[in-house]
Amino acid sequence: MLVYLYWPTGAMAAAFAAGAAVASIRFLRTRAFKFDSVSVAMVEAGMLLLALHLTVGVAWDHSISGRWWSWNVPLTSALACGLLYAGYLILRQSVEEPTQRATFCAAFSIFAFLDIPIVTLAVAWWWQKRPERASFPPHGEPVDRLLAAGATAAVALAGGALAFFRMRKEEARRERDAERRLQQAS
């Protein structure tokens, strides 16, 4: 049953990382802060999905191997990717000036996204070497395929909702900061 959460959360976390990278590129090209808001929202929603992916992956691996952490390629590479995006969030909190913060974070988001193809290739290689592991989507009954599609859609909708609300919160914070700076300047 864990396979229905494991693959969709990982795939959606990667998709959100791609969305953050695209928004970051758009920010660097236009300097429009709405793209910075989209980028931070995508990274944070993607980090939550990645945390769920790692949690489910550890539980799934434990059910197979009996160990809570086995340093296998999918889990370890996903953890490394998560640590990169944690660095993004740390960088975001450490730079005070908004334009500089957005520029640094955009560059870091693009850099961190470069890890996604490496993770994908490593996981594909590892799964080829482990035929005893389950595949996704499950190749069984139509009910399995329906459950896989439903889980993927649910994860995508939940992640999208999280990103949307986080983007709105970031835009509101940016407006409050602008008002505060205007009051301090006068």
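The values are calculated or read from the model by the stated rules, or taken from the named source; none is laboratory data. Since we're looking at a predicted model, the values are computed, not measured. Cβ placement follows ideal geometry from the backbone for every residue including glycine, while neighbour counts extend to all protein chains displayed.
Points worth noting:
- Only residues that are surrounded by fewer than 16 Cβ atoms within 10 Å (Cβ to Cβ), modelled with pLDDT of 85 or more and more than 18 Å from the chain's Cα centre (by Cα) were counted across segment 100-130, and they come to 1.
- Residues satisfying the stated conditions in segment 94-105, i.e. within 18 Å of R181 (Cβ to Cβ) and in a helix (DSSP H, G or I): P98, T99, Q100, R101, A102, T103
- For segment 166-177, a residue qualifies if it is surrounded by 12 or more Cβ atoms within 10 Å (Cβ to Cβ) and either on the phi > 0 side of the Ramachandran plot or hydrophobic (A, V, I, L, M, F, W, C) (or both), and exactly one does: M167.
- On inspection, S37 qualifies as in a helix (DSSP H, G or I), crowded, with 22+ Cβ neighbours inside 10 Å and more than 11 Å from the chain's Cα centre (by Cα).
- No other residue among G82, G57, G46 is buried (at least 16 other Cβ atoms within 10 Å of the Cβ), free of Cβ contacts under 8 Å to residues at least 40 places away in the same chain and either in contact with an Asp or Glu (Cβ under 8 Å, 6 or more places away or on another chain) or on the phi < 0 side of the Ramachandran plot (or both) apart from G82.
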